[in-house]
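To keep things clear, I will list the structure first and then write my remarks on it.
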Amino acid sequence: MARHFDNVNQYLNGGDYYDALSELCVVAHFKVADLTLGSSTDTDILTLVLKGSVSASSFSFYAWNINYDRRSSSDKLKFVVINNAQLGYSEAQIPSFSAKISVDTWYVVVAAWDGTAQTLWVSTGDSASAGSPVADMARQVAADEGFKISGGGDSAGDKRVWDGDIAEVAIYTSGGFPSQGEVDAWLSGVSPLLVRPSGLASYWPLLGYASPERDLMSPGRPLTLAHSPAVAAHPPVWYPRRAQIIVPQLAAAAGGRLIGGKLTRSNLFGRLAG
């Protein structure tokens, strides 16, 4: 299962996770429910994942985010990192994004930053890099500036929540800037459990079986459901073989390779049919 967000007020809320980092790599699967380009309202900026609060008045309330700005004046997928002084930022952006994706179709995004490079990749085959990445990342400690999937919070300026589905969110904080091989694996739907697992800091499949949503990595950083985002069908994902999985919901789905809709045995890894 995945989580569906209504573009009104639904999000997943975490704690003081993942800012002031020396490197960051984010992987997530997503669907967009509506590609209609809007005006300048907050609901036309869809936040996929962020550390902080997406205030309408200033970027200084967050450390980094990935968002799809579907305003008619923008139409870009963006990966933004704020510098430590909270006076500047760098971003990698893919323009004309509405023409590159389709409604209710699963895609994978990978975003990486290490102070010297900053790149955004999408399973559409598109990628973009920041010209001059910020050298350091902001620190955010206020109560409403935690780690979030979809949107920022409940105040008037924070309703930039996602419009569609999100699943398989992973955070890497070590291992260096990803290789093209690692990026290609993620974009093809290989589980984060199989790609650079030693650098995997958090992994939320968003299976919808629990509240809060469980982080499968130790020490575990749970995400509380805000305004009850619905459960949706999961995307196709290549998981480790059943014997390597200790989470019952994943183990039940793995253990084979999906070929033409029929599950057959494999000694490597399985695929979950979304």
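Where a number appears in this text, it was derived from the coordinates with a stated rule and is not lab data. These numbers come from a predicted model, not from an experiment. Note that each Cβ is placed from the backbone with ideal geometry, even for glycine, and that neighbours are counted across all protein chains shown.
Whole-Hz ³J(HN,Hα) for each residue in region 196-209, computed from phi via Karplus 6.51 cos²θ - 1.76 cosθ + 1.60 with θ = phi - 60°, x for glycine and proline: what do you get?
Values per residue, Gly and Pro as x: 6, x, 5, x, 7, 8, 9, 8, 10, x, 6, 7, x, 8 Hz.
At 7 Å along the Cα-to-beta-carbon direction for both H227 and Q86, put a label point, then send me their distance in nm to one decimal.
Result: 2.4 nm between the two label points.
Once you sort the root eigenvalues of the Cα gyration tensor of region 2-229 as a ≥ b ≥ c, which label holds: rounded (a/c under 1.5), prolate (a/b larger than b/c) or oblate (the other case)?
It is rounded, given that a/c, with a ≥ b ≥ c, falls under 1.5.
Can you give the percent of C-alpha pairs in region 1-120 whose distance is more than 21 Å?
Of all Cα-Cα distances in region 1-120, 38 percent exceed 21 Å.
Counting other beta carbons within 10 Å of each residue's own, what order do R214, R221, R139 fall into, fewest first? Please report the intermediate quantities before stating the final value.
On the way: R214 19, R221 22, R139 15.
Fewest-to-most ranking of R214, R221, R139: R139, R214, R221.
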